[in-house]
Amino acid sequence: MIDFLFNYENFKVINYTKDNNKINIYLKSKSKQCICPKCHQVCSIKHANHIRHIQDTPIHNTETWLHVNVREFECTNTNCDIKTISEELPFARKNKVKTDALIQFILSISMFMSSSCTSLILSFLGVKISADAVDDIIHSIKIVDNKDVEMVGIDDVAIRKGQTYATAIYDMNDHHLIALLDGRDAATLEDWLKNHKKIKCVARDRASAYAKAISAILPNCMQVADRFHLFYNLIDYLKEIFYAEMPEKIFIQNNEVLTSKEVKKVPKEIINIDEEILSNINYDNTKPVDKNGDTIEFDSKKRNKDSKQYKQQLEKRIKKQQKIRNIKSRLTEIKESEKKNLAKEFNISFPTLLKYEKMTDEEVNNLININEFKKKKTLMDNYINILYKMLSDGIAPEYIIAYIIKCGYSGFYTNLKDYVRTVAKNNGFDYVYMKPYLDYEYPNDVIKITRFELLKYILTVDEKKKDKNIKENIEIITEKYSIVKKIENIFFDFRETIFNKNPDDLDNFINKYKNEIPSFCNGLKKDITAVKNAISSSINSGFVEGNNNKFKLIKRIVYGKQKICNLFKKNYLCFLATTDDFDIEEIVNISLNKQITGKN
């Protein structure tokens with residue numbers, strides 16, 4: 001079996017061993033001569049032998065090593081600088097510690113994974129390699145630019161969103177990545193285009209920098225604007241106009257369009273309350289008293305003593321308290337004439353020093369307490385004593401809320417719930433978390449439509465995907481808001497202009513809507529040739545957007561410590577792997593010879 005796996009003419013298997021973690025295969029050379037790589041003379045005088053240890057593809061997921069006894073020969077050509085020659089191996093290149101087959105295996109797995117992940121997966125399969133070694137294999141690939149490319153797609157991609165961008169260039173024939181330029185300005189693209197004068201057609205987005213660069217270097221090149229970006233730009237303008245004139249929400253009730261101010265939510269019970277228990281509860285809003293008949297003062301103010309702000313304020317009050325105590329202590333030790341110097345020492349004014357001097361010990365002790373300001377009048381004033389009494393009697397929070405609402409509370413449910421929690425926490429009562437007692441919803445006969453949903457409906461071409469509620473009421477909505485029909489007309493007129501294959505209709509569209517969407521129409525005028533080419537030509541850059549999504553996915557998987565050069569090589573291989581004539585063996589063979597050519 002081993003002999004069959006390593007059936008090379010000039011090598012034979014002399015032994016092999018296997019343990020739990022490794023397979024060792026020992027090969028011996030049978031060569032009696034070799035050719036000098038410099039003078040090409042046949043050399044047959046044996047000089048020495050040496051052993052090469054080369055890792056191979058794993059056998060049954062077990063780490064496999066070849067130990068090859070390689071022969072060296074002497075070059076007898078006196079005019080040749082080389083004195084000794086080591087014979088070449090058919091399965092591994094010179095100075096490589098991995099076979100060509102193993103490098104193919106590693107490269108195939110690393111294409112769609114990060115180097116760290118590749119290293120981990122390979123360790124399960126029986127290959128010992130570090131993430132850095134995987135990086136080195138990718139880094140060794142050298143890509144020679146294809147200067148004969150004639151049709152390309154160009155777009156910008158984010159290396160680090162909002163900070164660093166690059167320009168991605170794709171071959172329009174088979175859509176693989178052929179260049180990744182550092183930056184997205186005109187100068188960057190111009191430098192690349194100077195070496196690609198055979199380009200006849202460029203599909204691009206609406207970026208003015210790319211248009212300027214292409215016109216400067218390749219004035220006869222046909223530029224095709226991306227239809228996706230054309231619609232994307234138009235929708236941005238239409239959205240801005242639509243949102244400026246439409247309310248955030250509209251409501252339809254009894255075939256009438258209402259605004260949010262004209263329709264109110266109604267309460268909806270979530271927890272079932274036992275009405276018999278609720279009917280037996282009876283409290284009034286008189287102040288609570290203790291067993292001796294004395295009025296109980298309780299804390300009903302909303303404050304979060306555990307908040308960061310409260311803790312910082314408390315820390316400041318403690319420091320101030322300690323500072324005043326230090327000042328009062330020093331005042332007992334100094335003369336009257338030295339008080340001004342003491343004020344300077346503590347960085348306070350002299351009147352403030354005198355103020356601190358007059359403070360009693362009780363006033364100093366009370367500095368760390370929160371100042372109690374007069375409580376503002378709220379809807380809860382008529383129910384706050386009821387709330388306290390019910391909490392002190394241990395009544396469940398949901399029944400407290402239900403009873404207070406029954407008593408006539410008309411405020412927000414969430415505020416009432418917060419008051420129950422606040423009074424319980426401030427006065428030491430146990431508070432058990434409760435599910436919402438009630439929520440608010442719009443009446444059943446009210447249809448709610450957001451302006452986002454309405455805009456989406458207007459801009460949706462497929463009737464099957466349109467919202468049924470909006471479809472049934474679009475006529476009364478349009479009657480109430482004329483902007484709806486206006487936006488719909490602009491969008492579908494532009495769609496018809498783009499897809500009717502008649503470039504002259506673009507001029508008609510611009511003239512018709514130049515006052516409605518002036519910025520968009522001015523943008524079309526500036527890029528009129530590329531836009532008309534998008535209308536008349538079957539060429540488009542839709543594939544570029546798809547490729548960019550694939551690029552982003554690969555970037556998220558592999559990009560970290562790798563620089564943009566290795567990011568390009570990784571993406572280059574990933575895109576190339578999807579083409580019909582991709583051959584990983586050819587890629588490895590050429591890369592090991594220090595060169596890999598671009599795809600024609």
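Read-outs throughout are calculated quantities, based only on the coordinates presented, and are distinct from any laboratory measurement. Quick caveat: nothing in here was measured; it's all calculated off a predicted structure. Ideal geometry is used to build each Cβ from the backbone, glycine not excepted, and the neighbour counts take in all protein chains shown.
When the gyration tensor of the stretch 107-189 is built from Cα positions, what are the square roots of 5 times its three eigenvalues, in whole Å, from largest to smallest? Write out the running numbers ahead of the final one.
On the way: eigenvalues 188, 54, 25 Å².
For the stretch 107-189, the ellipsoid semi-axes come out as 31, 16, 11 Å.
Report Rg (one decimal) and Dmax (nearest whole number) for the stretch 308-368, counting Cα atoms only, units Å.
Values for the stretch 308-368 (Cα only, Rg and Dmax): 12.6, 43 Å.
Against the longest principal axis of the chain, how steep is helix 542-558, in degrees 0 to 90 to the nearest 10, with axes from Cα atoms?
Helix 542-558 sits roughly 80 degrees off the main axis of the chain.
Taking the Cα atoms only, what angle lies between the long axis of helix 100-110 and the longest principal axis of the chain, rounded to 10 degrees?
20
Whole number please: convex hull volume per residue of the Cα set in the chain, in Å³? Numbers along the way, then the final one.
Working: hull volume 248.9 nm³, N = 600.
Residue-normalised Cα hull volume stands at 415 Å³.
Which pairs, out of Lys464/Lys525; Lys200/Lys570; Lys323/Lys376; Lys358/Lys425; Lys161/Lys526, put more than 30 Å between their alpha-carbon atoms?
Lys464/Lys525; Lys323/Lys376; Lys358/Lys425
Given the peptides 467-477, 529-539, 311-321, 289-299, arrange them by the average over their residues of other C-beta atoms within 10 Å, most packed first. Please report the intermediate quantities before stating the final value.
Values: 467-477: 13.9, 529-539: 17.6, 311-321: 12.4, 289-299: 9.6.
Put in order of decreasing packing, that is 529-539, 467-477, 311-321, 289-299.
Using all Cα-Cα distances in the stretch 2-96, what percent lands in each 5 angstrom bin from 0 up to the longest?
Binned Cα distances yield the sequence 3, 13, 22, 21, 16, 11, 7, 5, 3, 1, 0.
In what sequence, highest mean first, do 92-100, 62-70 appear when ranked by Cβ atoms within 10 angstrom?
62-70, 92-100
Relative to the present Cα-Cα distance, how much length would full extension add between Thr17 and Lys525 at 0.36 nm per residue of separation? Present the calculation step by step, with values, prior to reporting the outcome.
Details: separation 508, 0.36 × 508 = 182.88 nm, distance 7.62 nm.
Taking 0.36 nm per residue and subtracting the Cα distance, the gain is 175.3 nm.
In what sequence, highest mean first, do 187-197, 417-427 appear when ranked by Cβ atoms within 10 angstrom? Present the calculation step by step, with values, prior to reporting the outcome.
Working: 187-197: 16.0, 417-427: 17.8.
So the peptides 187-197, 417-427, ranked by packing, come out 417-427, 187-197.
Straight-line reach only, C-alpha to C-alpha below 16 angstrom: list the lysines that Lys265 could link to, leaving out same-chain residues fewer than 8 apart.
Lys249, Lys448
When Rg is the radius of gyration of the Cα atoms in the stretch 322-424 and Rh is its Kirkwood radius, what does Rg/Rh come to?
Numbers: Rg = 24.3 Å, Rh = 17.9 Å.
Result for the stretch 322-424 is an Rg/Rh of 1.36.
Lys287: which aspartates and glutamates have alpha carbons under 18 Å from its alpha carbon, excluding same-chain residues fewer than 8 sequence positions away?
Within the straight-line limit of under 18 Å, Lys287 reaches these aspartates and glutamates: Glu297, Asp299, Asp381, Asp393.
Looking at the stretch 122-267, what % of the alpha carbon pairs are farther apart than 24 Å?
Roughly 56 percent, rounded to a whole number.
Set Lys and Arg Cβ to +1 and Asp and Glu Cβ to -1, take the dipole of the chain about its Cα centre, and tell me which of Met222, Val364, Ile490 lies farthest positive.
The one lying farthest along the dipole's positive direction is Val364.
Using a 7 Å offset from the Cα along the Cα-to-Cβ direction at both Asn79 and Ala48, what is the distance between the two label points in nm, to one decimal?
2.9
Please report, for the Cα atoms of the stretch 41-128, the Rg to one decimal and the Dmax as a whole number; what are they, in angstrom?
Computed over the Cα atoms of the stretch 41-128, radius of gyration and Dmax are 17.4, 52 Å.
Under a no-solvent Debye model with one identical scatterer per Cα of the stretch 224-361, what's log10 I(q)/I(0) at q = 0.10 Å⁻¹?
Listed by q, the Debye log ratios stand at -0.83.
Under the Karplus relation 6.51 cos²θ - 1.76 cosθ + 1.60, θ = phi - 60°, what is the ordered set of whole-Hz ³J(HN,Hα) values for the stretch 147-159, x standing for Gly and Pro?
With coefficients 6.51, -1.76 and 1.60, one gets 7, 9, 4, 10, 9, 9, x, 10, 7, 8, 10, 8, 7 Hz.
According to a simple spin-label model (label point 7 Å from Cα along Cα-to-Cβ), what is the distance in nm between Phe543 and Thr460?
Output for this residue pair reads 3.2 nm.
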